[in-house]
Amino acid sequence: MTGNNSKVRSLFLAALVVFSVFAGSIALTGGAAAQDSEEITNNGFYVQGQTLTYSGDADVTYVLLDGETPVGEYDAGSDGEIEIRTGNMEAGSYTLQGTGNDTTDISFYLGEQTLSAEFEDGTLTLDSNRADFNVSASSDELSNSEIETLLGVDDYENIEVDGNSREFTITEGDVDAGSYDIDFEVADTDASANVSVDVGEFEEPDVNFNQSVFETDRGDIAEIVVDFENGAEGPVNLTIGSEEVNYVKTAEVSPNSDGQAVVMFNTYNGNLTAEEGSVANANNTTGNDGLLDATDYEMTLADSEGEQDVGTLVINERSSTSFDISVATGTQEYSEVSEVENASVDRDSVVVGDVVVHRLEASGLEGAIEAEGGLLNLVSSDSASLTATEVDPGPNAEAEELDLSSAEVVSEDGVYYILVDTSDLDNAEVGGEYNVTLQFDESSGLVDEDETMSATFSVVEETLSLDTEEVNDEDMVVVRAEDNQTVSGETEYAPGAQVRVVVRSTGDSPFLLDDTAEVQDDGTFSSSFDFSDYSENTTFTVEADAQGIFSASDSANGVINPAQTAEVSISDQEGDGSTVTVDSVTLSEGGFVTIHDSSLTEEGDAIGSVLGTSEYLESGEQSDVEVTLDSPLNESGTVIAMPHMDSNGNEQYDFVTSEGSEDGPYTSGGSAVVDSAEYTVANGTTGNNTTTGNGTMTTDAPTTTDGGTMTTDEPTDSTTEGPGDTATATTEGTNSDGDGPGFGVIVALVALVAAALLAVRRDN
């Protein structure tokens, strides 16, 4: 803050009486700074209780302002120094200004010093918001010398804190076990703290292996974990081996900040490194570094006080388990093993642009791979090789050898994926078959004799074809005037490739449908479209084009066939429980009529609720269809009739055995066609099923789970028809798991079966 210095002086004199409270704590004369004083700097931070000094001009009066209010006046002597004692000053921002010709204008902040003390695991920690200060320690239960012993300091009255905190490792010495309170006071402020220290109740520093036995395979890298506990700092001497195995390796090991060292021991070349912590001064006292034999190796940890822990390193014989080939899409990058495993599929044929995945499962290679700088460097060395050679070059022709230098490797836990992008294989020919051979020579030391593993793959042409049916001597894509109609095809691409499917119709009622499908593990692709708004017998064209780096395509004409329709009617009836009679059923394409019990609605089980199914029924209307039940009913209740298609054309009811993937129900408006009735078992008991009548309902779109159990949202509308009418349902496009008050038998049934139908269509 700036202003007329004379005015400031006048204001101060006028207010002096008001602020006379400061007279006892603020020195108004110059003098030498106290021992614990600190020089004021602009924008500095100080704490209440400190003595602040300022060196200015001689014989100048300085004014201290709290905001715009003067709170003190200081006359510098001949040495130009002033002293401000802050013991009774409030926390806040202050400004020191000179008067006369002195232009001093310094701002600083005065705060309250905090001090906390905490004891945990043998360590006492002091923390403060102030840096660089002194404290004194005292205790009613300890002598001054005992305090110095516990804290490890020379002067209990003058303990320096450098920075904002200091840690003290408690040293018991001759102090008796027990709990002691220690008080800390800052030398020049009122800040203080108290802490209770437990003596004799914490553990001594300790160093040990985190397990007694470590195992690895010959040639691999052993991970040896050393724990430094209770403040142990290291280094400690690690010894691997003994005279009995003619090999002894030693090194100094130190922990990381978390008190742990993770030592990596390469059994291929004896190299010791640290993944966590540090390793230093590694050397052999017995034997030479090289591929270690498979046997047990003693290990010890020791420090200046002697041996701290013992353990065992077990080196087992190595093995090569398998070498296989699979294929993954070339449309994505791979950096993790999980990405390769999720994308690859067992196949020995590949199109140019996809990736040949060589999967090697073997132990005992990690050390050699680290020593050589990678698996590809290892198989390019004198001790191992990886080649891909043409199987049948033809008469009088030399076999082509593919250049695998651009391959990439992704590995984890002894499984190595060598990825070869066929786009980088300049001399790979479509139609060519290649033998990939991985060999480890006896000279490598990894094997007792030459070891060879091989697999083959072939390069095939890009192909893509639509699934069609023969219609009037023409191969056409056939759909029905319904929702969830599938346009599908197959290709040679690896799973994950994208295929764009476009359905187009011109004429009086043109339409354009577009979808991008993903190639599945079996090489197929499919897109689902809604044709329910288009007239039957409408023709269209389908174009399927591979996307991205691929170029194959196919096209075909298509036609919309009439929607499959069905009607069913069932009346209340009485019988011995062995058969149920359906009044009438009309099927446009033939199929079956199935009887469900009330567990369909009570338990949401579309599969387990099946009581029985009719014989195969031809297309058209059938009357008085008698359905023999798989097990006779022993109580009265609701029975539900449901027409089913013969989707696989084998005239066998496969809905139950296929768990809903075959022979789904007929639908109307996107949901299953059903009717229900009350069945009375003569001389039987009465069940809990009380819902009667038929209706047309509107429900939210159902969902399905594995095994055929489905759930649906509560209905949004319900209209009761007269007896004998066929029940249908429509869906509104949202999937959920709830039901609600008034959720009737037919609504649940329709929703459940509609879900089954949707599941079937998705699978198809």
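A few notes on this one:
- Any hit, region 620-629, residues being small (Gly, Ala, Ser), farther than 17 Å from residue 593 by Cβ and assigned by TED's automatic domain parsing to the domain that holds residue 600: no
- Total residues in region 181-204, condition assigned to a loop (DSSP other than H, G, I, E, B) and surrounded by fewer than 19 Cβ atoms within 10 Å (Cβ to Cβ): 7
- Among the residues of region 294-340, those that are modelled with pLDDT of 95 or more, small (Gly, Ala, Ser) and under 30 Å from residue 248 (Cα atoms) comprise 294, 302, 311.
- Test: residue in region 98-108 that is part of a strand (DSSP E or B), under 49 Å from the mean Cα position of the chain (by Cα) and over 17 Å from residue 38 (Cα atoms): no
- Selection status of residue 564, polar (S, T, N, Q), more than 33 Å from the chain's Cα centre (by Cα) and surrounded by 15 or more Cβ atoms within 10 Å (Cβ to Cβ): yes
- Residue in region 641-656 that is over 30 Å from residue 510 (Cα atoms), in a strand (DSSP E or B) and in contact with a helix residue (DSSP H, G or I) (Cβ under 8 Å, 6 or more places away or on another chain) present: yes
- Boolean, residue 122 is touching a Ser or Thr at 6+ places or on another chain (Cβ under 9 Å), over 30 Å from residue 64 (Cα atoms), surrounded by 14 or more Cβ atoms within 10 Å (Cβ to Cβ) and of a type in the set (Gly, Ala, Ser): yes
- Residue 302, sole failed condition from (1) surrounded by 18 or more Cβ atoms within 10 Å (Cβ to Cβ); (2) part of a strand (DSSP E or B): (1)
- Residue that is farthest from residue 143 (Cα to Cα) [pool: residues in region 183-197 that are out of contact with any Phe, Trp or Tyr (no Cβ under 9 Å at 6 or more places or on another chain) and modelled with pLDDT of 95 or more]: 185
- Every residue from region 499-534 that is more than 21 Å from residue 670 (Cα to Cα) and part of a loop (DSSP other than H, G, I, E, B): 506, 507, 508, 509, 510, 519, 520, 521, 522, 523
- Scanning region 376-424 for residues that are closer than 24 Å to residue 338 by Cα and either of a type outside the set (A, V, I, L, M) or outside the structural domain of residue 354 (by TED's automatic domain parsing) (or both) yields a total of 14.
- If you go through region 385-414 and keep only what is assigned to a strand (DSSP E or B) and either among the aliphatic types (A, V, I, L, M) or in contact (Cβ under 8 Å) with a residue 60 or more places away in the chain (or both), you end up with 386, 388, 408, 409, 410, 411, 412.
- Flag for residue 503 being within 30 Å of residue 348 (Cβ to Cβ), of a type in the set (A, V, I, L, M) and buried (at least 17 other Cβ atoms within 10 Å of the Cβ): no
- Listing of strands (runs of 3 or more DSSP E) fully contained in region 563-639 that carry 1 or more residues being among the hydrophobic types (A, V, I, L, M, F, W, C): 566-569, 579-587, 592-596, 610-613, 620-628
- Failed item in (1) at pLDDT 95 or above; (2) more than 30 Å from residue 361 (Cβ to Cβ), with residue 491 passing the rest: (2)
Okay, residues lined up against (1) farther than 15 Å from residue 438 by Cα; (2) over 38 Å from the mean Cα position of the chain (by Cα):
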site	(1), (2)
355	yes, no
360	no, no
363	no, no
378	no, no
384	no, no
391	yes, yes
395	yes, yes
399	yes, yes
403	no, no
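- Residue satisfying condition, being within 24 Å of residue 305 (Cβ to Cβ) and within 36 Å of the chain's Cα centre (by Cα), within set 236, 248, 226: 226
- Flag if residue 368 is touching a residue at least 60 places away in the same chain (Cβ under 8 Å) and either assigned to a strand (DSSP E or B) or among the small types (Gly, Ala, Ser) (or both): yes
- Residues considered: 435, 427. Of these, the only one that is more than 30 Å from residue 560 (Cβ to Cβ) and exposed (fewer than 14 other Cβ atoms within 10 Å of the Cβ) is 427.
This table checks each residue for (1) surrounded by 17 or more Cβ atoms within 10 Å (Cβ to Cβ); (2) touching a residue at least 24 places away in the same chain (Cβ under 8 Å); (3) within 30 Å of residue 538 (Cβ to Cβ).
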| position | (1), (2), (3) |
| --- | --- |
| 448 | no, no, no |
| 456 | no, yes, no |
| 471 | no, yes, yes |
| 482 | yes, yes, yes |
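- Subset tally (residues that are in a loop (DSSP other than H, G, I, E, B) and in contact with a Ser or Thr (Cβ under 7 Å, 6 or more places away or on another chain)) for region 140-157: 3
Per-residue answers, yes or no, for (1) modelled with pLDDT of 50 or more; (2) crowded, with 17+ Cβ neighbours inside 10 Å:
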| position | (1), (2) |
| --- | --- |
| 8 | no, yes |
| 14 | no, no |
| 17 | no, no |
| 30 | no, yes |
| 50 | yes, yes |
| 74 | yes, yes |
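A quick yes/no check of all residues on (1) farther than 22 Å from residue 316 by Cβ; (2) at pLDDT below 95:
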residue	(1), (2)
216	no, no
222	no, no
234	yes, yes
251	yes, no
255	yes, no
262	no, no
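- Spans of strands (runs of 3 or more DSSP E) in region 205-281 with at least 1 residues touching a residue at least 60 places away in the same chain (Cβ under 8 Å): 206-209, 213-217, 221-229, 236-242, 260-266
- Restricting attention to region 324-342, the residues that are more than 30 Å from residue 551 (Cβ to Cβ) and surrounded by 20 or more Cβ atoms within 10 Å (Cβ to Cβ) total 0.
- Residue that is over 25 Å from residue 590 (Cβ atoms) and either in contact (Cβ under 8 Å) with a residue 40 or more places away in the chain or in contact with a helix residue (DSSP H, G or I) (Cβ under 6 Å, 6 or more places away or on another chain) (or both), where the choices are 561, 557: 557
- Pairs are defined by a Cβ separation below 6 Å, a sequence spacing of at least 6 or placement on different chains, a first member in region 497-512 that is closer than 18 Å to residue 536 by Cβ, and a second member that is surrounded by fewer than 10 Cβ atoms within 10 Å (Cβ to Cβ); no pair meets this definition.
- A Cβ distance below 7 Å, combined with a sequence gap of six or more or placement on separate chains, defines the contacts here; from region 88-101, residues that are over 17 Å from residue 54 (Cα atoms) reach residues that are of a type in the set (Gly, Ala, Ser) and surrounded by 12 or more Cβ atoms within 10 Å (Cβ to Cβ) in the pairs 88/25; 91/111.
The values are calculated or read from the model by the stated rules, or taken from the named source; none is laboratory data. Here the structure is a predicted model, which is why all the values come from computation and not from measurement. Every residue, glycine among them, receives a Cβ derived from its backbone with ideal geometry; neighbour counts consider all protein chains shown.
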